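Asker: What follows is a structure written as C-alpha cells; I'll ask about it next.
The values are calculated or read from the model by the stated rules, or taken from the named source; none is laboratory data. Not measured: the values here are computed from a predicted model. Cβ: placed from backbone, ideal geometry, glycine included. Neighbour counts: every protein chain shown. Just the protein is used for accessible areas: all its heavy atoms, side chains included, with ligands, DNA and RNA removed. Shrake-Rupley method; radii C 1.70, N 1.55, O 1.52, S 1.80 Å.
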Amino acid sequence: MEQISFNHISVLLDETVSGLNLKPGAVVVDGTMGYGGHSEEVLRRLNGTGRVICIDQDADAIAAATKRLEPYQEQLTIVRSNYVDMPIVLDTLGIDQVDGILLDLGVSSYQLDEASRGFTYRMEGPLDMRMDQRNPVTAEQLVNNCSEEELCRILWDYGEERYARRIVAGILRERKKAPITTTTQLVDIIREAIPAKARNAGGHPAKRTFQALRIEVNRELDVLTESIDHMIDRLAPGGRLCIITFQSLEDRIVKNQFKKNENPCTCPPEFPVCVCGRKSRGKVITRKPILPSKEELKRNSRSKSAKLRIFEKTSD
C-alpha cells in the first residue's frame, strides 16, 4: 500500500486516557483506533504491562496506525472491524472482560482532507463517504436512488437541515438529467437550494447535508445505540467506558444510554420502593461532558465540538 502521510491530532487525549483510570496490567479496547493517537497514549501509560485491542474499519487507518504502534506490538492486537462487533472480536480473542473501552466518534483529519474519500465538501471527489471501503453503500447511491421521502428523512433526522425539502427537490431535478457523482455537484445543488441569507450564515451550507449522508452511509447512530449496552456488559467491575462525540445527535444518545444504565428503574415516581427489579449497572462519572481546553482549541480547531462522557461499571 502506498505510504500516506497523516497529521491527525487526537482530541481530548489526556482527558480521555486519564478518564479510563488505568491500572497496571489493564486490558483496554480502542473501538475506533483511527491513526492510533489514543491507543499510543494508553500503551505508553501502561508502561509495558497490559494489553490493548484496537478496532477500526478503515484500511488506510489500520495501515498507518500499525506502523505508528509498531514499538508496542507485543501488547497490541489490531482487528479490522466495526466497534458494533466488539463482543465478537473479544470472544474470538478469548477475552471475557476488559478494564476500559474508548470511542472517538469523529471523522479523522485524513478522511476529511483526502478528497478521494468523499467526506469533504471543500474539495472535489467522488460521493463516497464510507468509513469501511468494503461497505457496498455509498453516498452516491443514496443521492441517486433514494426516494424523495427517504432523502428528506435522512437530511432532517441526521443533519437537522431546515431546507431539506428544497435541497432534495434540487437533487431530484438534477439526477433526472444525469447521475450526481461528485461532491462539488452536490455542493452546487445545495448552494442553489438554500436562500442567500441562510447560505451566508452558520458555516458552510453543505455541512449538514454531508453529515446526514455520512451518518446514513455508515449507520453511525444505529451502531452507537446498539453498542453501548454491549460494551458495558464487557466491562470488568470498576471498568470505564469513555466516548467522545462531535455532534448533538451522538451526544444525546450517549447521555441517555449512560443515564439509563445508571438508573434503569421504570417504576412510577410515586412508588415507595422499586418493584421493576431493574438494577443500576454503574455510575455516570461526567455529570456534564468534558470539553476541550482553550489551549487545545487553539492547537486544534477541529476539536471545538468534541464532548467526552465517561461511565463506570458497578464494582460489586
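Asker: Determine which single condition residue 44 fails, assuming it passes every other condition in (1) over 16 Å from residue 235 (Cβ atoms); (2) outside any loop (DSSP other than H, G, I, E, B); (3) open to solvent by less than 30 Å² (accessible area, probe 1.4 Å).
Answerer: Condition (3) is where residue 44 drops out.
Asker: Would you point out which residue out of 116, 81, 109 is farther than 24 Å from residue 303 by Cα and among the polar types (S, T, N, Q)?
Answerer: Working: 116 fails: farther than 24 Å from residue 303 by Cα; 109 fails: farther than 24 Å from residue 303 by Cα.
None of the others qualify; the one that does is 81.
Asker: Which of the residues belonging to the range 70-107 are touching a helix residue (DSSP H, G or I) at 6+ places or on another chain (Cβ under 7 Å) and among the hydroxyl-bearing types (Ser, Thr, Tyr)?
Answerer: Once the filter is applied, which keeps residues that are touching a helix residue (DSSP H, G or I) at 6+ places or on another chain (Cβ under 7 Å) and among the hydroxyl-bearing types (Ser, Thr, Tyr), the range 70-107 yields 72, 81, 83.
Asker: Another question, if that's okay. Write out, first by first residue and then by second, each pair whose Cβ atoms fall under 7 Å of each other, whose residues are 6+ apart or on separate chains, and whose first residue, in the range 276-289, is of a type in the set (S, T, N, Q) while the second is part of a loop (DSSP other than H, G, I, E, B).
Answerer: As it stands, the answer is 280/263; 280/264; 280/314, since those pairs meet every condition given.
Asker: Let me ask another. Given the range 58-132, what helices (runs of 4 or more DSSP H) lie entirely inside it while holding 1 or more residues that are modelled with pLDDT under 95 and open to solvent by less than 60 Å² (accessible area, probe 1.4 Å)?
Answerer: Numbers: elements: 59-68, 86-92, 109-113.
Fully inside the range 58-132 and qualifying: 59-68, 109-113.
Asker: Then there's this: Could you tell me whether any residue of the range 206-226 is assigned to a loop (DSSP other than H, G, I, E, B), at pLDDT 95 or above and surrounded by 22 or more Cβ atoms within 10 Å (Cβ to Cβ)?
Answerer: From the range 206-226, those assigned to a loop (DSSP other than H, G, I, E, B) are 206, 219; that's our starting set.
Still in the running and at pLDDT 95 or above: 206, 219.
Cutting the leftovers down to surrounded by 22 or more Cβ atoms within 10 Å (Cβ to Cβ) gives us 206.
Scanning the range 206-226, I find at least one residue that is assigned to a loop (DSSP other than H, G, I, E, B), at pLDDT 95 or above and surrounded by 22 or more Cβ atoms within 10 Å (Cβ to Cβ), so the answer is yes.
Asker: Kindly establish whether residue 307 is open to solvent by 90 Å² or more (accessible area, probe 1.4 Å) and not small (Gly, Ala, Ser).
Answerer: On the way: open to solvent by 90 Å² or more (accessible area, probe 1.4 Å): no; not small (Gly, Ala, Ser): yes.
No, not satisfied.
Asker: With the structure loaded, tell me whether residue 94 is of a type in the set (Gly, Ala, Ser), over 20 Å from the mean Cα position of the chain (by Cα) and closer than 30 Å to residue 19 by Cα or whether it fails that test.
Answerer: Values: of a type in the set (Gly, Ala, Ser): yes; over 20 Å from the mean Cα position of the chain (by Cα): yes; closer than 30 Å to residue 19 by Cα: yes.
For residue 94, the condition - of a type in the set (Gly, Ala, Ser), over 20 Å from the mean Cα position of the chain (by Cα) and closer than 30 Å to residue 19 by Cα - is met.
Asker: Next question, about the same structure. Check whether at least one residue in the range 147-157 is out of contact with any strand residue (DSSP E or B) (no Cβ under 6 Å at 6 or more places or on another chain), aromatic (Phe, Trp, Tyr) and either crowded, with 20+ Cβ neighbours inside 10 Å or not in a helix (DSSP H, G or I) (or both), and report yes or no.
Answerer: No, the range 147-157 has no match at all.
Asker: So the check is Cβ under 7 Å with 6+ separation or different chains; which pairs have a first residue in the range 163-180 that's under 16 Å from residue 141 (Cβ atoms) and a second one that's open to solvent by 10 Å² or more (accessible area, probe 1.4 Å) and of a type in the set (A, V, I, L, M)?
Answerer: Between residues of the range 163-180 that are under 16 Å from residue 141 (Cβ atoms) and residues that are open to solvent by 10 Å² or more (accessible area, probe 1.4 Å) and of a type in the set (A, V, I, L, M), the close pairs are 171/189; 174/189.
Asker: Now a separate question. Residues being at pLDDT 95 or above and surrounded by fewer than 21 Cβ atoms within 10 Å (Cβ to Cβ): count how many of those fall in the range 1-25.
Answerer: Residues flagged as at pLDDT 95 or above and surrounded by fewer than 21 Cβ atoms within 10 Å (Cβ to Cβ) within the range 1-25 amount to 9.
Asker: Here is a further query. Take the residues in the range 258-299 that are in a helix (DSSP H, G or I) and under 20 Å from residue 315 (Cβ atoms), then tell me which one is most open to solvent (accessible area, probe 1.4 Å). Break it down into steps so the answer makes sense when it comes.
Answerer: Here is the first cut: in the range 258-299, the residues in a helix (DSSP H, G or I) are 258-262, 294-299.
Cutting the leftovers down to under 20 Å from residue 315 (Cβ atoms) gives us 258-262.
On the way: 258: 2, 259: 136, 260: 88, 261: 5, 262: 44 Å².
By that ranking, first place goes to 259.
Asker: Return the pair list, or none, for Cβ contacts closer than 9 Å from residues in the range 2-22 that are among the β-branched types (Val, Ile, Thr) to residues that are open to solvent by 50 Å² or more (accessible area, probe 1.4 Å) and modelled with pLDDT of 95 or more, at least 6 apart or on different chains.
Answerer: Between residues of the range 2-22 that are among the β-branched types (Val, Ile, Thr) and residues that are open to solvent by 50 Å² or more (accessible area, probe 1.4 Å) and modelled with pLDDT of 95 or more, the close pairs are 16/290; 17/44; 17/45.
Asker: Just checking, does the range 229-242 include any residue being in contact (Cβ under 8 Å) with a residue 60 or more places away in the chain, among the β-branched types (Val, Ile, Thr), in a helix (DSSP H, G or I) and closer than 29 Å to residue 28 by Cβ? It would help to see each step written out before you state the result.
Answerer: Step one: filter the range 229-242 for residues in contact (Cβ under 8 Å) with a residue 60 or more places away in the chain, giving 230-242.
Now restrict to residues that are among the β-branched types (Val, Ile, Thr): 232.
If we keep only those that are in a helix (DSSP H, G or I) too, we end up with 232.
In the following step, the residues that additionally are closer than 29 Å to residue 28 by Cβ were identified as 232.
Taking every residue of the range 229-242 in turn, at least one turns out to be in contact (Cβ under 8 Å) with a residue 60 or more places away in the chain, among the β-branched types (Val, Ile, Thr), in a helix (DSSP H, G or I) and closer than 29 Å to residue 28 by Cβ.
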